[in-house]
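The numbers here are math on the coordinates, done by the rules we state, and not lab data. Just so it is clear, the structure is predicted and the values come from calculations on it, not from any experiment. A quick note on method: Cβ atoms are made from the backbone with ideal geometry, for glycine too, and the neighbour counts reach across all protein chains shown.
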Amino acid sequence: MKNFLLFVVLTLSVAVPAGMAQVVEIQGYVKTSSGEPIKDVFIDDFGRTDENGYFRIASDTLVHYHKVLVLDKIGFVPKPFVLDRSNLTLDIVLAPEKDHTRWEFPKCSVKKAEDSRFVGKYLKLTVPKKLKYKSGVDTDYIYHLIGIKTDGKTSWLRGGLGNLYGGSNPGGETLIGLQSYSYRRTSTGTDWRGVTKEGHYWRYLGSVRVFETYHYVTESKKTASLCQKLWK
C-alpha cells in the first residue's frame with residue numbers, strides 16, 4: 001500500500017507541466033511628474049488606480065502572456081509599460097496631454113453614394129462596392145474585412161465588435177514594436193497611426209467594445225491613403 005501511494009504522488013508531480021503559467025502580482029503607484037497621484041487610470045483590462053494612484057493586480061497571464069500593459073486616462077498621454085519579473089513594484093509617471101480636443105467619428109447619417117455600402121453596426125464606414133468585402137459572426141464578436149487592391153496586392157482593413165474584439169487601445173506589444181506612432185482622442189475611443197520597424201503603415205481606430213474597432217497594416221502608402229478615406 002505504501003508503494004502504491006508513493007507511485008501516485010510521483011505520477012501527479014510529473015504530470016504538472018513545467019511551463020505552466022503562475023500567478024504574478026504587480027503593484028505600485030501612478031503619478032504626475034510632480035508626484036501627484038492620478039486616480040482612475042485604466043490598466044488594460046485588469047483594473048484602475050484608486051484615489052491614491054495605487055493599483056494591485058494578480059493574474060496568471062501577467063508577464064507570460066501580457067508582457068506590456070497600457071496605462072490610459074483622458075488628460076494624460078497613454079503609456080505602454082514593459083513588465084519585468086525582477087521588478088514587480090512599480091512607480092509610473094504619466095505626462096499630461098497637450099491636445100484636449102476630440103475627433104468626432106463620422107455619423108452613420110452621412111449620405112451613402114449609390115456605388116457604395118455602409119459597413120459596421122454603430123461606427124459605419126462608407127465603402128465603395130468595387131472593394132472586396134467579407135463579414136461574419138463568431139461566438140463573441142462580429143467581424144468585417146475590406147480588401148483594398150493596389151499595385152496587384154490586396155491589403156485588408158479589418159474591423160469588428162464584441163467582448164473579444166479590440167478595445168480603445170491597441171496591445172502594448174504592438175505599440176512598443178512600432179518605429180513611431182501618434183494618437184488622437186475620439187468621441188468613442190482613440191485613433192492611433194504609425195510606422196512599423198519594417199517601414200509599413202499602421203493604423204488602429206479603437207473604441208469601447210460596444211462600438212467597432214478598425215485597424216490595418218500595409219507596406220503601401222497608397223493603400224494606407226485609401227483606407228483613411230473610408231473614415232478620415
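So what is the relative contact order of the stretch 116-228, in percent, for Cα pairs below 8 Å that sit 6 or more residues apart?
22 percent
So, in nm, how far is label Ser116 from label Glu51 when the simple model puts each one 7 Å beyond its Cα toward the Cβ?
Going from the Ser116 label point to the Glu51 one covers 4.9 nm.
Determine the calculated [θ] at 222 nm for the chain from helices alone, applying -39500 (n - 2.57) to every DSSP H run no shorter than 4 residues and normalising by the residue count; nearest 500 deg cm²/dmol. Before the final figure, lay out each step's value.
Working: 3 runs with 27 residues, N = 232.
Result for the chain: -3500 deg cm²/dmol, rounded to the nearest 500.
What's the magnitude of the charge dipole for the chain around its Cα centre, counting Lys and Arg as +1 and Asp and Glu as -1 at the beta-carbon? Answer in Debye, nearest 20. List each step's numbers first, then the result.
Numbers: 34 positive and 24 negative charges, 270 e Å.
That gives the chain a dipole magnitude of about 1300 debye.
Only Lys, Arg, Asp and Glu count, each charged at its Cβ (+1, +1, -1, -1), so figure out the dipole size of the stretch 174-232 about its Cα centre, rounded to 20 debye.
200 debye
Could you compute Rg(Cα) / (2.2 N^0.38 Å) for the stretch 111-232, with N its residue count?
The stretch 111-232 yields a ratio of 1.03.
About the Cα centre of the stretch 116-228, what is the dipole size in debye to 20, counting +1 per Lys and Arg Cβ and -1 per Asp and Glu Cβ, all else neutral?
540 debye
Round to the nearest 10 and give me the degree value, 0 to 90, for the angle of helix 2-15's Cα axis relative to the longest principal axis of the chain.
Result, in degrees: 30.
Using the charge dipole of the stretch 21-93 (Lys, Arg: +1 at Cβ; Asp, Glu: -1 at Cβ; taken about the Cα centre), state which of Val23, Thr89, Ser59 has its Cα farthest towards the positive end.
Thr89
Highest mean first, what order results for 79-88, 121-130, 168-177 on Cβ atoms within 10 Å?
Top of the packing list down: 168-177, 121-130, 79-88.
Could I get the Rg over Rh figure for the chain? Both from C-alpha atoms, Rh via Kirkwood, rounded to two places.
Looking at the chain, the ratio lands at 1.09.
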